[in-house]
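Novice: The following block contains the structure, expressed as C-alpha cells.
The values are calculated or read from the model by the stated rules, or taken from the named source; none is laboratory data. If you're wondering where the values come from, they're calculated on a predicted model, not measured in any experiment. Positions of Cβ are generated from backbone atoms using ideal geometry, with glycine treated the same way; all protein chains shown enter the neighbour counts.
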C-alpha cells in the first residue's frame, strides 16, 4: 500500500482474502468451520498473508467461515489483536458481501448485534449492497450509546482515509476510462495464454513410460475431439465469470480448446468434433488419436459443495467409449481433483489437468502439440476415493493417486521423456 502509487490512475488497490482459514474448513464446506489450533492456523492458513502484507496490500477481507465455531466477522482476537496488532496491518479490514448479516440466525434478524459485534471486532468497512438506510439507522444509536466506541469509528475512518490518500483518490477520484481500450488486447491475451501453458499438469504420458504419447502429431491425418468441455468458453472460465456462478457457452471473447486444436494442426489434418460420440462416430472413420475434454459445471461458493466428485455428464463413460477404440488424451477442466477410476486411468494414453484455463484455450494446444513443455505440478494431492478426504501429505496413511507436487515433463534435461 505504501509502495509505488505515483501513477495513481494506472494502479488498483489489492485486497487479500478471505481472512483466515476459509480453505481449511471441516469437510471443505463453503462458509464452514476451520477446526484447528491457533498454531496450525498461524503456520498454515495465515502464512500467505505475510507476503501480501509485506507487498503492501491495502485491504484484507474477513471470511464468511468460522474458526473453532467463532465467526471470523466477529473475531476480535484474529482481526484486531493478530492482524492489526501482531502483524501490523495498517490498511482496511472489509467485510464480505452481507458478511455481518450471517452473525445471527436468521440472517440479519438482530442487525444491531451484527453491527456491534463486527465493528467492535475490527471490521472497518462494511459491504452493504442493499439496505444502507437500515445500516445508518441502527449504527448511529450504537455509537451514541457507547456500545460502539467513537475511538473504534475514528480508527476505521483513519484507515479508510489513509488508503484513499495513498491511492490518490482525492486527486483522481475516477479511473482513466481510456484504459478500457487496452483491456483484452493482444498483449493481455498472450499473457493469459502463457499462464495457461505454465499451469497445466501432465499426470500420465503413455501406457508404457518408455513410449510417451505426447506430444501429439500436428500432421496427423484425422483427429477426433470429444466432450462437453471441448468447445465451451464458459466451462473453461468456471465460476465468478461474467455472472456470480459462471455459465456455459460463449459468455466472453476467447478461444476454446477445440479452436486451439484446429489452429495448431497442419492444413491437411482433419479435425472432427462430437460432443457425445456414438457408434456412428467410429463406423466410417479411422482416427490417429482422440482428445476427450471433460469436467465440472460452473459454480461459485456453496454451489460447489458436493460429495460426489465423479466427472459430470457421465464423463467416465465417454472416456471409456472413446479410449476403447482410439488412442486417447484426456483433459480435465475443473477447479479440483475429480474421481478417476482405475479402469478409466488404465484405458487412456495421456492425462492432463488443465484446471480452469479461462479464455485462452490455445495455451493447451501449445503444450500438448509440443511447442512448449509442461511446467505445472499438483498444488494438492489427487485422491483415489472420496473417503480419503481430507488428504494430507504428512499423514501416515497417505496413499494418493497422484501425490502433492507431482507433474511429468515430456522432455527431461537429457532430452528423453520423463
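Novice: What's the total number of residues in the range 38-81 that are at positive phi and modelled with pLDDT of 95 or more?
Specialist: 2
Novice: Picking from 224, 202, 214, which residue would you name as being assigned by TED's automatic domain parsing to the domain that holds residue 328, under 24 Å from residue 378 (Cα atoms) and not in a loop (DSSP other than H, G, I, E, B)?
Specialist: Among 224, 202, 214, only 202 is assigned by TED's automatic domain parsing to the domain that holds residue 328, under 24 Å from residue 378 (Cα atoms) and not in a loop (DSSP other than H, G, I, E, B).
Novice: Kindly indicate which of 272, 257 is at pLDDT 95 or above, buried (at least 20 other Cβ atoms within 10 Å of the Cβ) and within 23 Å of residue 319 (Cβ to Cβ).
Specialist: One residue alone meets the criteria, 257.
To keep it simple, each residue is scored yes or no on (1) assigned to a loop (DSSP other than H, G, I, E, B); (2) more than 24 Å from residue 115 (Cα to Cα); (3) under 19 Å from the mean Cα position of the chain (by Cα).
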site: 13; (1), (2), (3): yes, yes, no
site: 18; (1), (2), (3): no, no, yes
site: 36; (1), (2), (3): yes, yes, no
site: 48; (1), (2), (3): no, yes, yes
site: 79; (1), (2), (3): no, no, no
site: 89; (1), (2), (3): yes, no, no
site: 96; (1), (2), (3): yes, no, yes
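Residue-by-condition table, conditions (1) in a loop (DSSP other than H, G, I, E, B); (2) modelled with pLDDT under 95:
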site: 198; (1), (2): no, no
site: 210; (1), (2): yes, yes
site: 218; (1), (2): yes, no
site: 228; (1), (2): yes, no
site: 234; (1), (2): no, no
site: 248; (1), (2): yes, no
site: 252; (1), (2): yes, no
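Novice: Then there is this: Enumerate the pairs (first residue in the range 348-365 and more than 15 Å from residue 186 (Cα to Cα) and assigned by TED's automatic domain parsing to the domain that holds residue 296; second residue anywhere and at pLDDT below 95 and crowded, with 24+ Cβ neighbours inside 10 Å) with beta-carbon separation below 9 Å, excluding pairs fewer than 6 apart on the same chain, so at least 6 apart or on different chains.
Specialist: none
Novice: Something else about it: I need a count of the residues in the range 235-252 that are in contact with a strand residue (DSSP E or B) (Cβ under 9 Å, 6 or more places away or on another chain), surrounded by fewer than 21 Cβ atoms within 10 Å (Cβ to Cβ) and within 25 Å of residue 321 (Cα to Cα).
Specialist: Number of matching residues: 0.
Novice: Select from the range 287-338 the residues that are touching a helix residue (DSSP H, G or I) at 6+ places or on another chain (Cβ under 8 Å) and assigned to a helix (DSSP H, G or I) and write down the one among them that is nearest to residue 27 (Cα to Cα).
Specialist: Out of the qualifying residues, it is 316.
Novice: Another question about this same structure. Quick check on the range 126-139. Is at least one of its residues buried (at least 17 other Cβ atoms within 10 Å of the Cβ), assigned by TED's automatic domain parsing to the domain that holds residue 152, in contact (Cβ under 8 Å) with a residue 24 or more places away in the chain and closer than 20 Å to residue 89 by Cβ?
Specialist: Yes; the residues of the range 126-139 include at least one that is buried (at least 17 other Cβ atoms within 10 Å of the Cβ), assigned by TED's automatic domain parsing to the domain that holds residue 152, in contact (Cβ under 8 Å) with a residue 24 or more places away in the chain and closer than 20 Å to residue 89 by Cβ.
Novice: Taking the range 273-286 only, how many residues are under 12 Å from residue 222 (Cα atoms) and in contact with a helix residue (DSSP H, G or I) (Cβ under 8 Å, 6 or more places away or on another chain)?
Specialist: Here the count works out to 1.
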